[in-house]
Structures are given as C-alpha cells and as structure tokens.
Amino acid sequence: MSILLTARDLSRQFDRNPVFSGLSLELRDGDRVGLVGPNGTGKTTLLHCLIGLDHPDTGEVTTPNDVSIALLEQEPDFNPNHTLLEEAKRGLAHLYQLQEAFFRLTEKLSTASPAEQEKLHKRYDDLHHELDRQDAFNVDHRIDEVLTGLGFAKDEYDRPISSFSGGQQNRIMLARILLRSPDVMLLDEPTNHLDIASTEWLEGYLNRFERAIVVVSHDRYFLDRVTNRILELHVGRNAEYKGNFTSYWRQREERLKVLERQAEKQQDFIEKTEDFIRRNKAGQKSVQAKDREKKLARVERIELPQDFAETRMSFGEASRTGDMVLEAQDVAKGFDGERLFEHVSLRLLRGERLGIVGPNGCGKTTLLRTLLGELKADAGKVRFGANVKIGYYDQKLESVDPSLDAVEAVRPPERLDFTPNNARGMLARFGVKGELQMQTVGAMSGGEKSRVALAKLAAQQVNFMVLDEPTNHLDIWARDSLEQALRDFGGTLIFVSHDRFFLDKLANRVLVAEPDGWKLHDGNYSEYVDFRRRIDAQKAEEAAKGSKTSKPPAAAGGPSSQAAKLRDEASKNEKPKRKFPFRKTSDIEADIAAKEDELAGLEAEMMLPETLRDGEKVKAIGDDYAKVKADLARLYEHWTEATELDG
C-alpha cells in the first residue's frame with residue numbers, strides 16, 4: 001500500500017508551552033487513526049498542521065502530489081445563499097470537472113484526424129476509467145445516500161443554507177467532505193450534532209471508505225467502530241496504540257499501572273537515598289553521600305501523565321424520597337398546532353436511571369421541560385412523589401450566569417450557608433481549579449462551563465437529577481469521571497444523551513422515540529437495540545412466511561412430545577430453503593451476460609457528448625444503471641444459490 005501522508009518529528013508550542021513534540025505519523029490506505037486526548041492538548045492544531053493551515057515549529061509533513069486531503073472543521077464555511085443541494089454538489093465539484101474534461105475530449109476526438117485520435121485515446125481511456133472508479137453514473141444517488149444518512153429530507157434540498165440551524169450547517173459540511181471522498185479525510189468531531197441513527201449510518205459509511213482517515217472524537221462507541229489505531233496527545237507528549245478505542249483504553253490502563261509501580265519504586269529509592277545523604281553528609285561516609293547525591297541528580301524522574309489523573313467528580317449524598325419519584329400519564333405537547341409527542345406515560349421509582357433517546361427534533365428537550373413543569377402540557381398530567389428535590393442541567397448551560405465568576409456562579413441562591421470556600425472546593429471537585437475559578441463564566445470554553453454547571457448541580461444537594469446532554473463539551477476523561485459520579489449518586493436520574501457508551505453505563509431503563517410513538521424499555525441502550533433487532537428479524541420472518549399456508553391447529557391439549565421430536569428430526573434433514581425459484585445455472589449465466597452487456601451499453605451512452613450536455617438524460621441513464629446493477633446483483637445471488645442447492 002502506498003504512503004498517503006508522512007509527518008516526521010512534529011512539535012508545536014504556544015506562548016512557550018509545548019502542545020505536542022516529537023510527533024510522527026504515517027498514513028496508508030485503510031488507516032483509521034483516532035486522535036484522542038483531554039480538551040486543549042492540540043488535537044485540532046495537529047489536524048491543521050497535517051493539512052497546512054498551521055505550521056509546526058519543527059518537523060515536516062509530506063504528501064505525494066497526487067494525494068488529496070480534506071478537513072472537516074467545527075465552524076461552518078460556505079455561501080449562506082446556496083441551497084442544501086448546491087452545497088452538497090460542491091463536494092462533487094472535482095467529479096463535475098472530470099465530466100467537463102471528458103466532454104471536451106470527446107468533442108475533440110470527434111473532429112480530430114486519425115493521427116491525433118491515436119494520441120488522444122490514452123487520455124480518453126484514463127478519464128473514462130477515473131469516472132468509472134468514482135461512480136460518476138450514480139452522482140444523484142450518492143447525494144441522496146449521504147444527505148438522507150445525515151438526517152436531511154428531500155423536501156429540504158432547495159432550502160437556503162441560511163435557514164438551517166448551526167448544528168444542521170455542521171452536518172452539511174460533513175456531507176460535503178464525504179461526497180468529495182479525498183484520499184486523506186481529517187474529521188474534527190464529526191459526530192457533533194448527529195443523533196444516534198445518523199452516527200451509526202456514518203460509522204457504516206466510513207468503514208466502506210478505502211483510503212485514510214484521521215478523526216478527533218470523544219464518542220467512544222464511534223471510535224470503537226471506526227478506528228484501527230489510536231494516537232493519544234497529553235501535556236506535550238504523544239503515544240500511539242494499535243487497535244480501536246477499547247483496545248487502547250485497556251493498553252493505556254496497563255501502561256499506567258506499570259508507570260505507577262515504577263514511580264513508587266523510584267520514589268522509595270529516592271527517599272532512601274536522600275535519607276542516607278542527610279545522615280552521612282558530614283560523617284565518615286561523606287564521600288559515599290556526595291557520590292549518591294550526584295547520582296540522584298542524574299535520575300530522570302518518572303512523571304505520571306497529568307491527564308490520567310482526571311478529578312474524581314462527586315455529587316455527594318442524596319436525601320431519601322418516597323418510592324415513587326415521578327409519574328406521567330398520557331402527556332402530550334406541541335407547538336403551533338403540530339404535536340411533538342403524545343400519549344407519553346411513565347412511572348419512575350427511587351434509584352432508577354432513565355435514558356431518553358430519539359432523533360434530532362423529536363422533542364426530547366421539550367419532553368424534559370414538560371415533565372419538570374417549565375412547559376405546560378397540552379394533555380395529560382405529571383406528579384412528583386414525596387420529598388423530591390429536582391436539579392436540572394440544561395444543554396444550553398443557561399443555569400450558570402455568564403456575567404459571574406465561577407465561584408459566584410456555582411452558589412445556589414437558596415443555600416445561605418454556602419461560603420466562597422465551599423464554592424472553591426465544589427469547583428475543584430469538578431476540575432475547575434486555580435485561576436479558572438475567578439474567570440467569568442462567559443469567557444470559558446464549553447467544557448469549562450459544563451463543569452461549572454455540574455458543580456452547581458452538586459451544590460444544590462438534589463435527589464432527582466434531570467440532565468439534558470450532559471456529555472456535550474466533555475472529553476473522554478471527564479465523561480468517564482461523570483459516569484462514575486452518577487453511578488455513585490444515590491438519587492434518581494433522567495437524562496437525554498446521544499452518547500451510546502454513556503447510555504450503556506448508566507441507564508437501567510430507556511424511553512425511546514420510535515416511529516409510532518414513545519416506548520419504554522427495561523435495560524440499557526444496547527439491550528434495547530438487541531430487542532429491536534430480534535423484533536425486526538421476527539417481523540421479516542413472518543413477512544416471508546406470509547404467502548405460505550399456515551399450519552393446521554394442533555389438537556386440544558397440544559402436540560405430544562414424540563410428535564415434536566419427529567418434527568425436529570425432519571427439520572434437521574430438510575434442505576436449505578430456496579430464496580429464488582428453480583432455474584438451470586446455464587440459463588442464469590445467460591441472463592447475467594445479457595445484463596452485463598446492458599450495463600456496458602449504459603456506460604457508453606452516459607459518456608456520449610449529447611448525453612453529458614443533458615442533465616435530465618444523465619439522471620435517467622443513472623437511474624437505469626442503478627436498476628440494472630441491482631438486477632445483476634440479484635442474478636449473482638440466484639446463481640450462487642443454484643450452484644449450492646442444485647449442484
């Protein structure tokens with residue numbers, strides 16, 4: 001496999017503080033590198049260095065001339081007057097340029113002399129091969145696949161970009177880079193603003209991508225499914241691990257244990273040596289003492305990586321509530337005459353942890369606010385149990401005053417006994433320390449604001465927490481610490497999240513927005529997914545059997561065990577069931593040859609100058625091409641079945 005990108009011995013610093021140093025990276029086809037590290041460790045800076053938007057202080061990045069690189073940034077960048085479809089097509093600009101070059105070449109060929117044609121045919125063949133390799137016949141289908149996968153409806157294609165929210169605009173940027181399909185794809189937080197369905201679609205899409213990917217993400221399930229190498233940045237250092245996120249996390253913990261043991265042994269050696277030097281500096285063993293002092297000065301101290309020691313968050317003790325914490329009966333809510341949800345009923349008991357899951361725009365935040373009474377329900381009723389004290393974390397972080405410093409912002413107004421020292425201690429418990437405590441909340445990063453909001457929640461001493469996307473803005477280490485704190489929390493919990501890892505760690509029930517309404521399921525998110533797969537498989541099986549005559553009912557009292565055994569034995573000896581009707585393999589092979597000829601004919605027709613001038617004709621031929629290709633796939637499947645069952 002050819003090398004697509006090489007970074008050698010990169011270092012970068014800001015204000016004399018090292019961001020990373022001695023960093024080397026090599027990318028080949030099929031490499032999927034996850035870039036991880038606490039917030040502020042230079043992950044985005046490294047991506048900018050790889051593509052040339054920033055320059056390392058030392059080292060170099062090299063790529064072959066014919067290798068294309070593209071970067072997905074976190075800030076939208078496009079013409080707001082363009083429509084969604086126009087912006088999506090920008091991702092395929094290179095393909096349209098190829099088509100235009102091919103069109104000009106075919107015109108030139110049609111008027112060239114035989115001698116000139118011979119010279120032009122090599123270029124013609126190269127362009128034809130490249131258009132075929134990049135699936136030029138299915139441009140519209142590719143656009144539909146990507147936009148639909150990222151959660152856009154066809155009736156939104158003609159909407160101007162300016163009419164979409166910030167999160168939707170980020171998804172449009174992601175669509176554009178996926179359609180561009182460069183040799184090296186640099187993705188900075190691609191799952192931000194995606195719901196679970198779109199994230200899972202993206203995982204599948206990236207796994208089909210054959211070139212190289214470098215991705216920054218705090219989504220642990222996403223990293224598990226997409227990456228095969230992990231590059232960790234921390235406090236100016238870096239380390240590379242083989243495997244996906246789970247493999248990395250395990251290797252990292254093992255490495256940390258080894259470092260801790262080595263650090264303990266070294267500290268023991270240092271203390272004993274220092275004690276010997278103190279006792280013998282002026283005595284008979286003064287020469288030995290001086291010698292040991294020199295050796296001690298040369299010892300390279302083992303330092304545990306600072307980011308490994310994430311502050312252990314804690315919400316403290318939760319006062320006891322009644323057995324029933326919240327009960328909702330047939331709740332409905334909508335806006336401007338359009339229902340967001342209806343018939344939502346649930347009963348939450350003390351100590352339960354309910355995760356709320358659903359696609360973007362289905363009303364998860366509205367549901368939380370309706371349950372809390374911040375919004376009036378259109379129908380139904382909600383009641384709380386005895387001694388319930390509610391704390392609400394909103395994803396917009398409006399619970400913390402941006403004009404106050406962190407110490408002032410974290411103080412609950414109802415707690416007159418809460419001193420500045422209490423506030424500083426509470427903030428430190430959530431990783432807000434030192435000078436950061438005196439900074440105004442409005443000047444903080446998203447991750448820092450999140451920590452202040454969580455610290456304020458802890459200061460309120462609640463026994464029922466309602467959290468709306470609490471992992472937004474938090475890095476992997478902070479998420480891990482928050483998960484542990486919430487598992488230790490003795491109260492009751494409702495939370496909305498798109499983080500599947502977080503949902504699996506915490507939820508013992510999930511409320512899911514399904515196409516036919518909100519459904520309550522026991523267990524965590526993965527258990528819900530397994531349940532849905534079983535149900536879907538059962539429905540598919542029943543649909544497949546729908547055309548067959550149902551079996552006669554058993555006699556009263558049910559079938560005997562002997563009859564059941566005979567049926568089981570018979571089923572073991574049955575041949576595999578056919579998906580297709582019986583046909584001779586030679587007949588199927590003839591059909592395959594005919595379809596392949598038809599496909600070749602459509603490809604040739606697609607490349608005619610008169611076709612390339614006519615957008616509607618290109619689309620019509622593209623549709624025919626996709627249909628014939630699907631027919632051909634079914635014929636191959638039929639041929640495989642025929643060779644296996646008929647010999």
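What follows draws every value from the coordinates through simple rules; no lab data is involved. Because the structure is predicted, anything quoted here is derived from the model rather than measured. Don't worry about glycine lacking a Cβ; one is built from the backbone with ideal geometry, like all the others, and counts go over all protein chains shown.
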Could you give me the ³J(HN,Hα) list for the range 122-136, computed from phi with Karplus coefficients 6.51, -1.76, 1.60 and θ = phi - 60°, whole Hz, x at Gly and Pro? 4, 5, 4, 4, 5, 5, 4, 4, 5, 5, 5, 4, 8, 6, 5
May I ask for the percentage of alpha-carbon pairs in the range 7-64 that lie more than 19 Å from each other? 25 percent
With 28 Å as the limit, write out which pairs from Lys154/Lys364; Lys108/Lys595; Lys539/Lys595 have Cα-Cα distances beyond it, or answer none. Lys108/Lys595; Lys539/Lys595
If the chain between Gln329 and Ile270 were fully extended at 0.36 nm per residue, the gain over the current Cα-Cα distance would be 14.6 nm
Sorted by mean Cβ packing within 10 Å, highest first, what order do the peptides 98-106, 373-381, 489-497, 78-86 take? 489-497, 98-106, 78-86, 373-381
Per residue and in cubic angstrom, what volume does the convex hull of the Cα atoms of the range 81-223 have? 118 Å³
Highest to lowest packing among 114-123, 526-535, scored as the average C-beta count within 10 Å: 526-535, 114-123
Could you point to the residue in Ile277, Ser181, Tyr241 farthest towards the positive end of the range 163-318's charge dipole, with +1 and -1 charges on the Cβ of Lys/Arg and Asp/Glu respectively? Ile277
Could you quote the convex hull projected area for the range 264-308, Cα atoms only and averaged over all directions, in nm²? 3.4 nm²
Which links in Lys295/Lys433; Lys281/Lys433; Lys333/Lys433; Lys376/Lys519; Lys545/Lys627; Lys265/Lys285 stretch past 32 Å when you go from one Cα to the other? Lys295/Lys433; Lys281/Lys433; Lys333/Lys433
Charge dipole magnitude, Cβ of K and R +1, D and E -1 - the chain, Cα centre, debye nearest 20: 2960 debye
Would you compute, for the Cα atoms of the chain, the largest minus smallest coordinate along each principal axis and list the three values in descending order, in whole Å? 98, 81, 62
Can you order the peptides 407-420, 340-353 by their average number of other Cβ atoms within 10 Å per residue, highest first? 340-353, 407-420
Put a dot 7 Å past each Cα toward the Cβ at Asp29 and Gln117; how far apart are the dots in nm? 3.4 nm
